[in-house]
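The values are calculated or read from the model by the stated rules, or taken from the named source; none is laboratory data. No experiment lies behind these values; they were computed from the predicted model shown. We place every Cβ from the backbone using ideal geometry, glycine too, and count neighbours over all the protein chains shown.
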Amino acid sequence: MNSFDFFAQDSWQLTSKLNINYGLRYDYQGPIHDGDEDLSVFNPAKGGLVTVGQQVPNLYPDFWKAFSPRLGFAYQPTSKGDLVIRGGFGIYFDTPAIVPFLDNSSSLATPSVANNGPLGVEGNPAGTKPVYTLQENGYTLAAGQPIFPTGNISLSGNNIVNLFSVSPDFKPAYTLSYNLNIQKSLAKNAILQVGYVGSEGRHLLVLTDINQAALGSGFVNTTNAAGFAYQQTTRPYFSQYPNFGVIDEIQSAGTSNYNGLQISLRTSSWHGLISQFNYTLSHSLDEITQYVGAIPQDSTNFKGNYGNSDYDIRDTFSSYLIYDIPGSSHGPHWLTHGWQANTNILFHTGLPFNVYASSDTSGTGENTTRGDLIGNPYQGASQSLSDHQPVQWINPNAFANPAQGSFGAIARNMLRAPSYGAVDLSFIKNIPIKERLRAQFRVEMFNLFNRVNLAPPNGYIGGGFGQSSDTIGDYSGAPGIGPGEPFNTQLALKFIF
């Protein structure tokens, strides 16, 4: 990939109380390419499966219109200088990552897409190194007999090959970001800030199956004269390309929306104490958050996937305190001076999670069908921990598999996992050795009150659905949020030059 950018910015002191910042940025992100002509996409207007560098010039079109204006201001309404109002607006273009195009797997543990499509554009039967991702249904395992065809495989007969593609209308995503905040000095050493932060994502990268089979077609066990299963015959491109099954295509169809209230109180040098307290009330929505390996329940109704973002944490409180412990006049100076106490505090409400059907009741073969809500998900559920046994976080009887041949009606990411909380404490002793050398002794205690942080429940109907294990609650996917862990203490000694 090739990219370059230019930007210009300036500040204008309009009056003694008002400062304006403005700028303009330009980005160019060239499409992914290689010299071996191994990349291919599905383009029915150009003959079906086409190779980049031959039938089409690029994997997706060049985009030359990424102009991003920026505007901000800072205003002091009073002559005291203890009140400042700030605001800003900007457009930010994204550089498409290579991973979604070449390694679109949900995880290292399950390197696949739910509907068994290829992982990238290099997984198509085209170019100098063709790859065939085959579908074989209703086979019988027999000793010494291959399950899949051997020898020269071709797009003929009733072979079904899954494809990976990129929309010919693909373009880089961009975000509209805006904020307004008020900062007020409460005293000589304290500052309060209250602000609103919002953003709108447009043309976000998503993955959909543009050749999704008809609803319920997987439950019809018939074949046509050519030997194609009924499900295959219902795909949109079957009449033109009967050998193509799943066609997972990267598109610029995603949207997102974030709104947040942020409150911060900061103190400095107050009797040796430095502290900051932060609270955020926010809500984030989108159709797909983790786009890699994720496909919607119904690709023909992509907007039906709009719901809480995977990292939608409504309430977050975080704080840190740093206290320089005064030295004592009793005892040796080297032992009683140079001590510091620190604490980090983090509490937030739970992350959302999906409720999936135990099987693909839609019959489309997409394998992302959600369940139906038939009752109160919290009625009769005991959310208390007992002898470190799994907690019945939600009522499993409130959910049911959809009827055969239908999608689930429950909204995406409707339910919430258990909340998270941890208080860490540390003591530091700085020991001067020479002018440019000192040692530091640290005692660190994590999760001081041994709070149990539960992992999210199993999101599939049946098989312990609704139970939340008291193993480490791994929230590491969310920026700035670490895993919940049992109380432990760490000692360390290091030398600082």
Count, please, the residues in the range 326-351 that happen to be in a strand (DSSP E or B) and under 29 Å from the mean Cα position of the chain (by Cα). 6
For the range 104-129, which residues satisfy the criterion of being at pLDDT 85 or above and either surrounded by fewer than 17 Cβ atoms within 10 Å (Cβ to Cβ) or of a type outside the set (A, V, I, L, M) (or both)? N115, N116, G117, P118, G120, E122, G123, N124, P125
Please find, within the range 229-265, the residue that is nearest to Q193 (Cα to Cα) out of those that are in contact with a Pro (Cβ under 7 Å, 6 or more places away or on another chain) and surrounded by fewer than 21 Cβ atoms within 10 Å (Cβ to Cβ). Y237
Those residues that are out of contact with any helix residue (DSSP H, G or I) (no Cβ under 9 Å at 6 or more places or on another chain) and assigned to a loop (DSSP other than H, G, I, E, B), I need them from the range 412-439; list them, please. N413, M414, A417, P418, S419, E435, R436
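Looking at T368, T364 in this structure, which one is out of contact with any Pro (no Cβ under 9 Å at 6 or more places or on another chain), buried (at least 19 other Cβ atoms within 10 Å of the Cβ) and either over 30 Å from I160 (Cα atoms) or hydroxyl-bearing (S, T, Y) (or both)?
Working: T368 fails: out of contact with any Pro (no Cβ under 9 Å at 6 or more places or on another chain).
Going through T368, T364 in turn, the sole match is T364.
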Which residues, counting only those in the range 50-80, are in contact (Cβ under 8 Å) with a residue 24 or more places away in the chain and either out of contact with any strand residue (DSSP E or B) (no Cβ under 9 Å at 6 or more places or on another chain) or assigned to a loop (DSSP other than H, G, I, E, B) (or both)? N58, L59, Y60, P61, D62, F63, W64, Q76, P77
Within the range 68-86, does at least one residue satisfy the condition of being surrounded by 15 or more Cβ atoms within 10 Å (Cβ to Cβ), in contact with a Lys or Arg (Cβ under 8 Å, 6 or more places away or on another chain), hydrophobic (A, V, I, L, M, F, W, C) and farther than 30 Å from L192 by Cα? no
Inside the range 415-438, can you point out the residues that are out of contact with any Gly (no Cβ under 7 Å at 6 or more places or on another chain) and crowded, with 16+ Cβ neighbours inside 10 Å? L415, G421, V423, D424, L425, S426, I428
